Structures are given as C-alpha cells and as structure tokens.
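I have placed the structure first, in the form of structure tokens, so that the comments after it can refer back to it.
The values are calculated or read from the model by the stated rules, or taken from the named source; none is laboratory data. Since this is a predicted model, take the numbers as computed values, not measurements. A quick note on method: Cβ atoms are made from the backbone with ideal geometry, for glycine too, and the neighbour counts reach across all protein chains shown. For the accessible areas, the whole protein counts, side chains as well, though only heavy atoms, and no ligand, DNA or RNA atoms are used. Shrake-Rupley method; radii C 1.70, N 1.55, O 1.52, S 1.80 Å.
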Amino acid sequence: MAQSAITYILNDDTLRKLSNHADKDAVNVTYWYHVDHNCDTLTKTERNILKTLTHYMVKFAGVAYTSRATLAKAVGCSVKSVQRAYAKFSQLGIIEIIAAKRQSDMRQTANILRLIPAPVAPQTEVDPQVVPQESGENVPALNC
C-alpha cells in the first residue's frame, strides 16, 4: 500500500486549526467519556497513556504533539506499549493520528494526536412526576 503525502506542517497555526475542544475542561470531559465507555477494553497502562496524553493537550485543547518515546518515559512503559495503545485508541475512535512534517527541512516528525470529542447528548425535558425517586438506599454504580 502506498503512503499518502504528508500535508500538515507542524507549527502553532496548524495545531491551533486542529484544536477541536474549547478548553482543558472539555478535554477532561472527553477523557472521562472515553474511559467510561471503553473501561472493559482498556488496560491500566492504556488508561495511564491516555491520561498522560491529555496532559499534553492543554496549550491547544484536544491536540497533542509529543513523541512516543517522551510519552513512554512519562508513563513508565515501553515505546512499543505506546504504539500499541495508539493503534487501539485509533481503532476505538478515541484519537485521530495525523502525520506531520517539520517546517525546517520538510521531513516527517512525530505525529499530531487529536482527541475525538465526546458526542453531545440531546437535551430532553424530564417530567419530575414520571421519574421514580430513589428510596434513599445505596444504588450501585453503573460504570466501571
């Protein structure tokens, strides 16, 4: 299979244009959405990789630019574990991996990782008389 041409040049303008979250709070909401909805398929290491990756998404909300080696060192795992996690995140629809090239010599550099936003649930009006009230007992959690 032939590789496609890399069209994204890594600079602040590109990262700003690829940003798809309003702020770091929106990134946190998306992180927790993906962790809750994929809790049965993500390992502890993969959750740590995803969490650390979102720490790199502060300047440009939802977009990170870091090498796999840097992320592996920050998490305390191997580069291969980060590669496997990226593949799994991409397959699950958690991140989008965008190839980029350096502005200085136009050669490929570390990928740009973009967090795919959590879907927005439609707002519905709830009639308080229809919703049953809890009896005051502890109710078990629905998520992991």
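For Ser104, the stated conditions hold: it is open to solvent by 60 Å² or more (accessible area, probe 1.4 Å) and over 21 Å from Asp40 (Cβ atoms).
Number of residues in the range 16-38 that are of a type in the set (A, V, I, L, M, F, W, C) and either at pLDDT below 90 or open to solvent by 90 Å² or more (accessible area, probe 1.4 Å) (or both) equals 3. A search for C-beta distances below 8 Å between a residue of the range 1-27 that is closer than 11 Å to Ile112 by Cβ and any residue that is at pLDDT below 90 and part of a helix (DSSP H, G or I), counting only pairs 6+ apart in sequence or on different chains, returns Tyr8/Thr14. I'm checking my understanding of the structure. Among residues of the range 62-83 that are touching a His at 6+ places or on another chain (Cβ under 9 Å) and crowded, with 19+ Cβ neighbours inside 10 Å, which one is farthest from Ala22 (Cα to Cα)? Once the filter is applied, the top-ranked residue is Ala64.
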